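> Below is the structure I would like to discuss, written out as structure tokens.
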């Protein structure tokens, strides 16, 4: 696949997850749960949170595994042999992302798997942090697209 | 204990970045066993006092994010507890029993 096609495919995948995530986030913000027990009592809210977290993970994968290499290839940046940290640092220099924010989103994602059982307040705080991270990731994708258009 | 000096330095820097004075960080799990190989880095963070939930989660994220920055992303498990709160979790008891102190902030 040519670099331009790879980039188009990556952007399409990012857009498909972003679109669903933006809608789900808007729905959450319209009436967010305020505690873990309140959330657990509302099946529709639980489904909404599941959708946000699932799309957050899928969007992160799409960016990390496809958009990052496709962007570097389209800019003719040598990256095939580079570890992820070098790719991230290069993209930060090019103005596409902030490495600390990216690593923070990775941390949020890695923590989702085993989250504070029997500690509802911490579980809820971690959930809110994940939702905030999802908002940040959506914003990143939007600015990434804008930046590519100006390259 | 199976941590490189570089890893111990990173844990120290990340703890100073994320936690208040009086916080202790201990290594436990497979990395305290010299006979094993590889494995997650399991850390117990003992805060001098409990924190509101949002602050608790925020500081934990700040700690791990800084470790990712210094050591690259890898499997790091952090268990947090507070000295002024009873904590009956078995993982905390185990970590306290076998833990090796790496940092005192």
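> By per-residue mean of other Cβ atoms within 10 Å, what is the highest-first order of A:41-51, A:126-136? Kindly include the intermediate steps, with their values, before the conclusion.
On the way: A:41-51: 13.5, A:126-136: 19.7.
So the order, starting with the most tightly packed, is A:126-136, A:41-51.
> Calculate how steeply helix A:43-61 sits against the longest principal axis of the alpha-carbon atoms of chain A, using the helix alpha-carbon long axis, and give the answer as 0 to 90 degrees to the nearest 10.
20 degrees
> Sticking with this structure for a sec: For the Cα atoms of chain A, what angle does the longest principal axis make with the long axis of helix A:3-30, in degrees from 0 to 90, nearest 10?
For helix A:3-30, the angle is close to 20 degrees.
> Can you give the alpha-carbon Rg of chain B over 2.2 N^0.38 Å, where N counts its residues? The partial results should precede the final answer.
Working: Rg = 12.9 Å, N = 105, 2.2 N^0.38 = 12.9 Å.
In units of the globular-protein estimate, chain B measures up at 1.00.
> Modelling each spin label as a point 7 Å along the Cα-to-Cβ direction, I'd like the residue A:5/residue B:101 distance in nm, to one decimal.
Between residue A:5 and residue B:101, the label points sit 6.2 nm apart.
> Okay, moving on. Hey, with R₀ at 22 Å, roughly what FRET efficiency would residue A:77 and residue A:142 work out to, going by the Cβ-Cβ distance, to 0.05?
Details: r = 22 Å, r/R0 = 0.99.
Here the calculated transfer efficiency is 0.50.
> Give the average, rounded to an integer, of partner chain Cβ atoms located within 10 angstrom of each Cβ in A:123-132.
Going residue by residue through A:123-132 and averaging, the value is 3.
> Between residue A:38 and residue A:112, what is the FRET efficiency for a Förster distance of 22 Å, r being their Cβ-Cβ separation, to the nearest 0.05?
On the way: r = 20 Å, r/R0 = 0.91.
Once the sixth-power term is evaluated, E becomes 0.65.
> Still on this structure, please answer the following. Quickly work out the residue B:90-to-residue B:36 label distance, labels modelled 7 Å from Cα along the C-beta direction, and quote it in nm with one decimal.
Here the modelled spin labels are 1.6 nm apart.
> Please identify, among B:86, B:21, B:48, the residue showing maximal mean-square fluctuation in a Gaussian network model of chain B using a 10 angstrom Cα cutoff.
B:86
> Another question about this same structure. How high is the relative contact order of chain A, in percent, counting Cα pairs under 8 Å that sit 6 or more residues apart? Before the final figure, lay out the partial values.
Details: 105 pairs, mean separation 48.8, N = 151.
Dividing the mean separation by the residue count of chain A yields 32 percent.
> For B:75-82, what's the mean count of beta carbons from other chains sitting within 10 Å of each residue's beta carbon?
Working: counts 1, 2, 3, 2, 0, 2, 0, 0.
That average works out to 1.
> Just checking the output field for B:53-60: average partner chain Cβ neighbours within 10 Å of each residue's Cβ?
Other-chain Cβ atoms within 10 Å of each residue's Cβ, averaged: 6.
> Additional query: Provide Rg and Dmax in Å for the protein assembly as shown, with only Cα atoms included in the calculation.
Calculated on Cα positions, Rg and Dmax stand at 19.9, 60 Å.
> Could you tell me the calculated FRET efficiency between residue A:26 and residue A:85, based on Cβ-Cβ distance and R0 = 45 angstrom, to the nearest 0.05? Each step should come with its number before you reach the end.
Working: r = 34 Å, r/R0 = 0.75.
Approximately 0.85, to the nearest 0.05.
> Another question about this same structure. Quote the Stokes-Einstein diffusion coefficient, in whole µm² s⁻¹, for chain A, based on the Kirkwood radius over alpha carbon pairs, a temperature of 20 °C and a viscosity of 1.002 mPa s.
On the way: Rh = 16.4 Å.
Calculated translational D: 130 µm²/s.
> For chain B, what does the relative contact order come out to in percent, with C-alpha contacts under 8 Å and a separation of six or more?
With pairs under 8 Å counted, the relative contact order is 41 percent.
Rule-based calculations on the coordinates, nothing more; no lab input. Since the model is a prediction, treat every value here as computed from it, not as a measurement. Glycine gets a Cβ as well: all are built from the backbone with ideal geometry, and neighbour counts include every protein chain shown.
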